[in-house]
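> Just dropping this structure here.
The values are calculated or read from the model by the stated rules, or taken from the named source; none is laboratory data. Note that the coordinates shown come from a computational prediction; the quantities given were computed from them, not determined experimentally. Cβ sites come from the backbone with ideal geometry, for glycine too, and all protein chains shown count toward neighbours. The accessibility values were calculated without ligands, DNA or RNA, using every heavy atom of the protein model including side chains. Shrake-Rupley method; radii C 1.70, N 1.55, O 1.52, S 1.80 Å.
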Amino acid sequence: MINGGGRGVGGRGGVCEDERMAYDATTQPDVSGLTVGIIGGTGDQGRGLAYRFARAGQTVLIGSRSADRAARAAAEIAALPGVPAGTAVSGADNAEVARRSDAVIIAVPWDGHAATVAALAEPLAGKIVIDCVNPLGFDKQGPYALPVAEGSAVQQAAGLLPASRVCAAFNHVSAPLLADPEVDRIDLDVLICTEDRELVGVVAALAARIPGMRGIYAGRLRNAHQIEAFTANLIAINKRYKAHAGIRVTDL
């Protein structure tokens, strides 16, 4: 857990009690009518997120370089336990998913991130783009954060998508937990980094569609590097303790 209390965290002398803004899910917008697209929706992370949103009754589009592969994945997800009958889950190529979605999650491997995002700049114009990619390398000592010229994966995405509303979120969600039909709740906080303060509420509301999750504002895009990099620590924790660790922010 990350402790949000204490004078040092609060800045100059901390935050007075009457100035505090407690987390309140009731103030979040209604996002149940949004179509959520997953670019990289056939990979473990993208598929898991698609399943959780489908379980919540959200309209979900699975994106892939292969429309046929995306359609197969969509049909499999729609048939999984917990997905309400009639929930719209379909698949198409990445460009089509970008055009038809209101909010798009980028969940592609890091080595294909820049090329994939750049190719979708036109259909993603004006759209909410949620980047959950973690630039990590792996060697005999385990996972480690890779340097990114732009600072982070989401900053790279923002530079390539000047006409989109970009944020980082869902970086620390365990793919095995997302995919497990027997897991009803995933108790963790989704850290949101963005320049668009209005976007925080929308993304937090999407996170809250998954029981147990909260969306928490965690700073501007320049603060996303350490969030992406911290995934390496979580992988090490999971390996050591045979767990599916996440983040929960205290004092909110």
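> When we measure straight from the Cα of Lys140, which lysines land under 22 angstrom away, once same-chain ones fewer than 8 places off are left out?
Cross-link targets: Lys239, Lys242.
> Still on this structure, I have one more. Using a/c under 1.5 as the rounded threshold, could you call segment 189-252 rounded, prolate or oblate? The axes a ≥ b ≥ c are square roots of the C-alpha gyration tensor eigenvalues, and prolate needs a/b larger than b/c, oblate otherwise.
Taking the square roots of the gyration eigenvalues as a ≥ b ≥ c, segment 189-252 is oblate.
> Further question on the same structure: About its Cα centre, what dipole magnitude does segment 29-241 give when the only charges are +1 on Lys and Arg Cβ and -1 on Asp and Glu Cβ, stated in debye to the nearest 20?
That gives segment 29-241 a dipole magnitude of about 140 debye.
> Report in % the part of the accessible area of segment 29-241 that belongs to carbon and sulfur, leaving out ligands and nucleic acids; probe 1.4 Å. Show your work: numbers first, answer last.
Working: 4660 of 9090 Å².
Carbon and sulfur atoms account for 51 percent of the accessible area of segment 29-241.
> Note down the relative contact order for the chain as a percent, whole number, built from C-alpha pairs under 8 angstrom at least six residues apart.
20 percent
> Continuing with the same structure: Solvent-accessible area per residue for the chain at a 1.4 Å probe radius, Å²?
49 Å²
> Next up: Applying 1/(1 + (r/R0)^6) with R0 = 22 Å to the Cβ-Cβ distance of Asp68 and Ala125, what FRET efficiency is obtained, to the nearest 0.05?
0.25
> If you don't mind, another one. Checking understanding here: applying a Kyte-Doolittle mean of at least -0.5 and a length along the axis of at least 15 Å (C-alpha), which whole DSSP H helices in the chain pass?
67-78, 197-208, 224-241
> Pick out, from Leu146, Gly63, Leu177, the residue whose Cα sits farthest towards the positive end of the charge dipole of segment 29-241, with +1 on the Cβ of Lys and Arg and -1 on the Cβ of Asp and Glu.
Leu177
> Roughly speaking, what is the stretch gain from Ile237 to Gln141, that is 0.36 nm per residue apart minus the C-alpha to C-alpha distance, in nm to one decimal?
Between Ile237 and Gln141, full extension yields an extra 33.2 nm.
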